[in-house]
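*Asks:* My questions all concern the structure below.
Rule-based calculations on the coordinates, nothing more; no lab input. Not measured: the values here are computed from a predicted model. Cβ atoms come from the backbone with ideal geometry, glycine included; neighbour counts cover every protein chain shown.
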Amino acid sequence: MSWVANLMIQADMADHGNVLSLSDWLERDAPRRAEAVPDVYRNQARGVGTLETLTDPEANHWGGWKNPECEVWAGALNHADLDALLAQLRAVPWRYPQQVQVFLMDQEESYFRLYMFRDGTWHQYAPPPPPDADDQHAW
């Protein structure tokens, strides 16, 4: 069984190498959620997925007549430890941290959480939680 988290990152093009390094970390070293099944040696497996660019001019999947003028990366991560992921994102030596935007939506969530660096610190911006299931008509 899988547990998927959707991740999108927008960063300045000068931080392209940092995003590639983050993708390598996600693929090889990122820890998995505590609930993930251990490997055959009973070790907690590592690696949760990779990031791919959505804004490559050669493979533009965006609407409109122009190519995007930003760099956006995305990945569907399996069993990712999101606290470890957010800690890794904070630790990246971003050249332009004020331009980094992280959109993260965990399994069974209905909206992305947005994380950004502001005033030298990491902040989460998110809509209020959805109403109880009994109050679905309120939406």
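*Asks:* Label-point separation (nm) for ASN78 and TYR111, each offset 7 Å from Cα along Cα-to-Cβ?
*Replies:* Placing both labels 7 Å along Cα→Cβ, they lie 3.0 nm apart.
*Asks:* If r is the Cβ-Cβ distance from MET13 to ALA34 and R0 is 41 Å, what FRET efficiency results, to the nearest 0.05?
*Replies:* Efficiency, rounded to the nearest 0.05: 0.70.
*Asks:* Turning to a different aspect of this structure: Can you tell me the FRET efficiency between TRP3 and ASN60 if r is taken as the Cβ-Cβ distance and R0 is 35 Å, rounded to the nearest 0.05?
*Replies:* In this case the efficiency is close to 0.65.
*Asks:* Taking H as built 1.01 Å from N, whose amide H comes closer than 5 Å to the amide H of ALA80, not counting residues under 5 places away?
*Replies:* ALA5, ARG33
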